[in-house]
Amino acid sequence: MVDQRTAERLPLAVPMNYVVKLPGGELSGRTKTTNISGGGVELICAEMMSPPSACQVVLHLSDGREPLALEGQISWCRQSPRQRRRFEVGITFLSPTNSDDERFARYCHFIATELLKRYLG
Amino acid sequence: MLGRLYETVPSFLRPVEFRIVRTVAELKTANHLVYQEYLKRNYCKANAVGLKLSLYQALPTTATFIATHRRDGIIGTISMVEDSPLGLPMDEAYKNEVDMLRRQNLRVAEVTMLALNSQLFGERVFTLFHAKKLLLTLRLFKVMFDYLRACTKVDELVACFNPKHQVLYDFLQLKPLGGLKTYTSANSNPSIARHLNIRETERQAKAHAAYRLFYGAKPSPKPFEGKCALTPEDLRALFVVTAPVLTAASPTELNYLASCYPTYRFNQILQPHDPSPSPHLS
């Protein structure tokens with residue numbers, strides 16, 4: 001009965017921008033998430049990104065408000081088994097240092113709303 | 001994999017019934033769950049009886065709701081204390097703030113004693129990110145909302161809680177009522193206060209994912225007819241013998257409580273030893 005999952009992944013294609021801080025400079029791009037959870041996002045992009053590079057993610061959520069910027073780090077990156085020259089990337093969001101962080105709260109509300117849509121319609 | 005994951009949520013909730021407490025045994029189990037979970041978080045001090053009892057729970061207008069699993073028993077609980085001459089639990093820290101609502105002639109009730117069995121979800125699971133925990137919490141709120149709409153005239157819900165739970169209450173759109181304070185009843189942990197206007201939630205029922213759940217069909221009072229009614233023996237067993245709640249109450253508090261149970265013999269209820277005959281007026 002114990003469910004140890006800390007956050008469930010939702011298969012949502014959320015438009016996003018990213019800026020990854022690599023040793024040789026910054027890498028930026030625009031893509032869509034392949035799934036999204038309270039802990040972070042997964043995406044597909046054209047570039048290899050080495051963990052644990054720091055990155056900033058800007059999510060264009062469907063809540064009608066301005067894009068939401070969150071800090072994170074690359075947690076894994078692998079070549080896509082389905083698309084040549086594409087990489088699947090997992091980004092983990094950094095824990096907010098302050099629970100008052102409005103951006104984090106907005107992200108939490110977005111995830112909860114999507115979970116309720118999923119299960120309650 | 002994802003498909004299977006999603007199927008686990010309805011199958012998790014299917015054997016769970018959300019309803020009002022019907023027996024003293026359920027009330028004690030729910031209260032023990034609150035005690036256990038609050039103790040884990042240092043929100044209360046350890047005591048020998050393993051319960052978190054207060055005078056407010058002796059009032060007939062206080063209602064406790066449970067999520068009870070067919071196999072595992074009570075796995076979640078929430079309570080609602082209606083305002084009365086005894087006030088509300090959170091008056092201890094936020095009386096001025098709640099008085100502002102009272103002065104507007106709003107009928108106020110406090111949401112309190114929310115607890116879920118943390119053994120179900122493992123450690124460090126955040127409610128808003130975890131569908132089972134989120135739905136369990138919101139279904140508890142829903143049964144409380146149903147009761148509130150079907151059986152009370154409450155206008156305004158108030159709550160005070162540790163700021164680390166603020167994101168959940170913000171999601172439910174509770175508005176600021178009182179700032180950061182030390183809450184003695186929560187073992188001197190920090191707390192903040194929020195309030196929610198019931199009519200406002202109804203107006204926004206279609207626009208908010210959680211409110212849509214709360215405002216389905218118009219609730220009937222029938223499911224609440226079996227609400228646990230404390231007998232004189234229950235009052236004595238729980239609030240005198242198990243914990244000295246009534247014996248520590250002031251004469252004014254006791255007088256009000258006695259007025260809520262006009263047929264009970266309070267002089268016998270308050271006796272520390274087994275009274276005889278029954279403390280119920282014949």
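The values are calculated or read from the model by the stated rules, or taken from the named source; none is laboratory data. A quick note: this is a predicted structure, and the numbers were derived from the prediction, not measured. We place every Cβ from the backbone using ideal geometry, glycine too, and count neighbours over all the protein chains shown.
Which of the residues that make up the range B:11-47 are buried (at least 18 other Cβ atoms within 10 Å of the Cβ) and of a type in the set (Gly, Ala, Ser)?
Result: B:Ala30, single match.
Take the range B:80-100 and flag every residue that is closer than 28 Å to B:Lys227 by Cα and either of a type in the set (A, V, I, L, M, F, W, C) or not in a helix (DSSP H, G or I) (or both).
Listed by number, the residues that qualify are B:Met80, B:Val81, B:Glu82, B:Asp83, B:Ser84, B:Pro85, B:Leu86, B:Gly87, B:Leu88, B:Pro89, B:Met90, B:Val98.
Please note which strands (runs of 3 or more DSSP E) are completely contained in the range A:18-102 and include at least 2 residues that are over 14 Å from the mean Cα position of the chain (by Cα), without any contact (Cβ under 8 Å) to a residue 60 or more places away in the chain and closer than 30 Å to B:Ala207 by Cβ.
Those strands (runs of 3 or more DSSP E) do not exist here; none qualify.
For B:Leu51, are the conditions met, namely being out of contact with any Asp or Glu (no Cβ under 8 Å at 6 or more places or on another chain), in a loop (DSSP other than H, G, I, E, B) and modelled with pLDDT of 95 or more?
Against the criterion (out of contact with any Asp or Glu (no Cβ under 8 Å at 6 or more places or on another chain), in a loop (DSSP other than H, G, I, E, B) and modelled with pLDDT of 95 or more), B:Leu51 qualifies.
When you look at B:Ser118, is it in contact (Cβ under 8 Å) with a residue 40 or more places away in the chain, of a type in the set (S, T, N, Q) and away from every other protein chain (no Cβ under 12 Å), yes or no?
no
Being closer than 18 Å to B:Met144 by Cβ and in contact (Cβ under 8 Å) with a residue 60 or more places away in the chain is the filter here; which residues of the range B:219-247 pass it?
Correct list: B:Pro219, B:Ser220, B:Pro221, B:Pro223, B:Phe224, B:Gly226, B:Lys227, B:Cys228.
Please find, among A:Glu114, A:Glu42, A:Glu102, A:Glu66, the residue that is within 14 Å of chain B (Cβ to nearest Cβ), surrounded by fewer than 17 Cβ atoms within 10 Å (Cβ to Cβ) and under 30 Å from B:Arg212 (Cβ atoms).
A:Glu102
Please go through the range A:81-95 and give me each residue that is surrounded by 14 or more Cβ atoms within 10 Å (Cβ to Cβ) and among the small types (Gly, Ala, Ser), ordered by number.
Across the range A:81-95, the qualifying residue is only A:Gly90.
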